[in-house]
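A.B. asks: The following block contains the structure, expressed as structure tokens.
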Amino acid sequence: VNFTVEGGLDYRVNNLAICQNQCTEQSNMASSSIKQTGSCHCGEVNFTVEGKVIFNGLCHCRNCTRNRGAGPVHLMGVSPADSVKITKGEELITMYSPGPNKVLTQYFCSKCGCMVHQGPKGQPFRAVLPTTFHIENGGPDCLLPPEYVPKAHFNYENRMWDYGDDLPKFKTFPGMGPKMDNKGCVIEG
């Protein structure tokens, strides 16, 4: 069974790509660059990510939430498209492209199922999940550094419940749709 969200997955992916080129508001919500290591849950796939952060937020779209089994999903968009390099376990990477037009590709560890990164085909960025970063500093602390903390909510119209934080909330993506309040009411066109 396929589900369609306002315009479908193609609409969302293409508009995110357009947004990263057009939206100054988005660039204000992202740190300038990233150089980070990470791994899947079992540790058999390791990666580095290095590039310019073009978005950093909590995605509520149905693709992300259904894929991860929870929502929202914290994603950081990093350009260029080759900003993610697999340093160990490349043979364990499995690719999945959801939806009828297969516009988005998600890359998983075939052993533990952990998503390593995702990205729309032909676009100049990849989305990584800060939950996979090596930030523990040798202990159990997983507190994100301030530059990695989410800066906004995207696709807030698809939220599973209302959020009471102070982050800006966008119906779709910054520059592509209106802002919303915590209850999901449009507050800015």
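A.B. asks: Looking only at segment 59-70, decide whether some residue is more than 21 Å from His153 (Cβ to Cβ), open to solvent by less than 30 Å² (accessible area, probe 1.4 Å) and either touching a Lys or Arg at 6+ places or on another chain (Cβ under 7 Å) or not small (Gly, Ala, Ser) (or both). Please lay out each step first, then the result.
C.D. replies: Initially, segment 59-70 is screened for residues more than 21 Å from His153 (Cβ to Cβ), giving none.
Checking segment 59-70: not a single residue is more than 21 Å from His153 (Cβ to Cβ), open to solvent by less than 30 Å² (accessible area, probe 1.4 Å) and either touching a Lys or Arg at 6+ places or on another chain (Cβ under 7 Å) or not small (Gly, Ala, Ser) (or both).
A.B. asks: Okay, moving on. Being under 18 Å from Val128 (Cβ atoms) and either among the aliphatic types (A, V, I, L, M) or modelled with pLDDT of 80 or more (or both), is that true of even one residue in segment 14-21? Talk me through it step by step, then tell me what you get.
C.D. replies: To start, the set of residues in segment 14-21 that are under 18 Å from Val128 (Cβ atoms) comprises 16-17, 19-20.
Narrowing the set further to residues that are either among the aliphatic types (A, V, I, L, M) or modelled with pLDDT of 80 or more (or both) leaves 16-17.
Scanning segment 14-21, I find at least one residue that is under 18 Å from Val128 (Cβ atoms) and either among the aliphatic types (A, V, I, L, M) or modelled with pLDDT of 80 or more (or both), so the answer is yes.
A.B. asks: Of everything in segment 109-123, what is within 14 Å of Asn46 (Cβ to Cβ) and open to solvent by less than 30 Å² (accessible area, probe 1.4 Å)? Give them in sequence order. If you could, list the steps in order and put the result at the bottom.
C.D. replies: To start, the set of residues in segment 109-123 that are within 14 Å of Asn46 (Cβ to Cβ) comprises 109, 111-112, 114, 116-117.
Scanning segment 109-123 gives Cys109, Cys114, Val116, His117.
A.B. asks: Kindly list the number of the only condition in (1) in contact with a Pro (Cβ under 9 Å, 6 or more places away or on another chain); (2) surrounded by fewer than 19 Cβ atoms within 10 Å (Cβ to Cβ); (3) modelled with pLDDT of 90 or more; (4) over 28 Å from Asn46 (Cβ atoms) that fails for His153.
C.D. replies: That leaves (2) as the condition not met.
A.B. asks: Confirm whether Met160 is more than 14 Å from the chain's Cα centre (by Cα), assigned to a loop (DSSP other than H, G, I, E, B) and within 22 Å of Val128 (Cβ to Cβ).
C.D. replies: Details: more than 14 Å from the chain's Cα centre (by Cα): yes; assigned to a loop (DSSP other than H, G, I, E, B): yes; within 22 Å of Val128 (Cβ to Cβ): no.
Spelling it out, it is not the case that Met160 is more than 14 Å from the chain's Cα centre (by Cα), assigned to a loop (DSSP other than H, G, I, E, B) and within 22 Å of Val128 (Cβ to Cβ).
A.B. asks: Working only within segment 101-139, note down all residues that are among the charged types (D, E, K, R) and touching a Leu at 6+ places or on another chain (Cβ under 8 Å). Break it down stepwise before answering.
C.D. replies: Initially, segment 101-139 is screened for residues among the charged types (D, E, K, R), giving 102, 111, 121, 126, 136.
Hits for segment 101-139 are Lys111, Lys121.
A.B. asks: From the list Asp181, Asp141, which residue is free of Cβ contacts under 8 Å to residues at least 24 places away in the same chain and either open to solvent by less than 70 Å² (accessible area, probe 1.4 Å) or small (Gly, Ala, Ser) (or both)?
C.D. replies: Values: Asp141 fails: either open to solvent by less than 70 Å² (accessible area, probe 1.4 Å) or small (Gly, Ala, Ser) (or both).
Just a single option satisfies the conditions, and that option is Asp181.
A.B. asks: Separate question: Mind checking which residues of segment 119-129 are within 11 Å of Val84 (Cα to Cα) and in contact (Cβ under 8 Å) with a residue 40 or more places away in the chain?
C.D. replies: Correct list: Phe125, Arg126, Ala127, Val128.
A.B. asks: Which is at pLDDT 90 or above, within 16 Å of Asn155 (Cβ to Cβ), among the β-branched types (Val, Ile, Thr) and open to solvent by less than 30 Å² (accessible area, probe 1.4 Å), of Val53, Val73, Val103?
C.D. replies: Details: Val53 fails: within 16 Å of Asn155 (Cβ to Cβ); Val103 fails: at pLDDT 90 or above.
It is Val73.
A.B. asks: Scan segment 124-138 for residues that are of a type outside the set (Val, Ile, Thr), outside any helix (DSSP H, G or I) and either open to solvent by less than 10 Å² (accessible area, probe 1.4 Å) or modelled with pLDDT of 90 or more (or both) and report the count. Outline the logic, then answer.
C.D. replies: Filtering segment 124-138 for residues of a type outside the set (Val, Ile, Thr) gives 124-127, 129-130, 133-134, 136-138.
Then keep just the ones that are outside any helix (DSSP H, G or I); that gives 124-127, 129, 133-134, 136-138.
Going one step further and asking which of them are either open to solvent by less than 10 Å² (accessible area, probe 1.4 Å) or modelled with pLDDT of 90 or more (or both), we end up with 124-127, 129, 133-134.
The total comes to 7.
A.B. asks: Let me ask something else. Being part of a loop (DSSP other than H, G, I, E, B) and within 11 Å of the chain's Cα centre (by Cα) is the filter here; which residues of segment 59-73 pass it?
C.D. replies: So in segment 59-73, the residues part of a loop (DSSP other than H, G, I, E, B) come out as 60-61, 69-72.
Passing the criteria: His60, Cys61, Pro72.
A.B. asks: Then there's this: Considering each of Val84, Val78, Val53, Val149 in turn, give the residue that is closer than 17 Å to Ser32 by Cα, of a type in the set (A, V, I, L, M, F, W, C) and touching a His at 6+ places or on another chain (Cβ under 8 Å).
C.D. replies: Working: Val78 fails: touching a His at 6+ places or on another chain (Cβ under 8 Å); Val53 fails: touching a His at 6+ places or on another chain (Cβ under 8 Å); Val149 fails: touching a His at 6+ places or on another chain (Cβ under 8 Å).
Of Val84, Val78, Val53, Val149, the one residue that is closer than 17 Å to Ser32 by Cα, of a type in the set (A, V, I, L, M, F, W, C) and touching a His at 6+ places or on another chain (Cβ under 8 Å) is Val84.
The values are calculated or read from the model by the stated rules, or taken from the named source; none is laboratory data. As the structure is a prediction and not an experimental result, all values here were calculated from the model. Using ideal geometry, Cβ is built from the backbone for each residue, glycine included, and neighbour counts are taken over all protein chains shown. The area values use the complete protein model at the heavy-atom level, side chains included, leaving out ligands, DNA and RNA. Shrake-Rupley method; radii C 1.70, N 1.55, O 1.52, S 1.80 Å.
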